[in-house]
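Before any comments, here is the structure.
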Amino acid sequence: MFFKVVKAGFASKRKQAWKNVAAGLKLPAEKVKAVILAVAGNEKVRAEELSVENWVEIVEKLDSKTQKFT
């Protein structure tokens, strides 16, 4: 699941990470934006600005919020 989320995050160059993740995984934009804001402190962050630890935390929080990942 980690690689799925990260791949979606990097899908479109220079787009904000939340837009890529929400579109790529067909998740509600507001939930994804809230998770990225909680992890990075800024919902406008781009995928390349996030650390591996940030991505791990994003995946964990998305999993608990959406229960879409199994």
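The values are calculated or read from the model by the stated rules, or taken from the named source; none is laboratory data. Just so we're clear, the structure is a prediction, and the values are computed from it rather than from any experiment. Neighbour counts are summed over all protein chains in view; Cβ atoms, including those assigned to glycine, are modelled from backbone coordinates with ideal geometry. Note: accessible area is taken over every heavy atom of the protein model, side chains too, but ligands, DNA and RNA are not part of it. Shrake-Rupley method; radii C 1.70, N 1.55, O 1.52, S 1.80 Å.
Among residues of the range 20-38 that are farther than 12 Å from residue 4 by Cβ, those with a Cβ under 6 angstrom from a residue that is charged (D, E, K, R) and not in a helix (DSSP H, G or I), sequence gap 6+ or separate chain, pair up as 33/43; 36/43; 37/43. Quick one: would you say residue 60 is within 11 Å of the chain's Cα centre (by Cα), of a type outside the set (A, V, I, L, M, F, W, C) and either surrounded by 17 or more Cβ atoms within 10 Å (Cβ to Cβ) or not in a strand (DSSP E or B) (or both)? Criteria met by residue 60.
Anything in the range 8-18 that is open to solvent by 70 Å² or more (accessible area, probe 1.4 Å) and farther than 17 Å from residue 35 by Cα? List them, or say none. Lay out the reasoning, then the answer.
We begin by selecting, within the range 8-18, every residue open to solvent by 70 Å² or more (accessible area, probe 1.4 Å); these are 10-11, 13-15.
Result: 11, 13, 14.
Among the residues of the range 20-32, just one is surrounded by 19 or more Cβ atoms within 10 Å (Cβ to Cβ) and not aliphatic (A, V, I, L, M), namely 20. Residues that are under 11 Å from the mean Cα position of the chain (by Cα), part of a helix (DSSP H, G or I) and over 12 Å from residue 61 (Cβ atoms) within the range 34-49 comprise just one, 47.
Confirm whether residue 8 is farther than 15 Å from residue 57 by Cα and at pLDDT 95 or above.
The answer is yes for residue 8.
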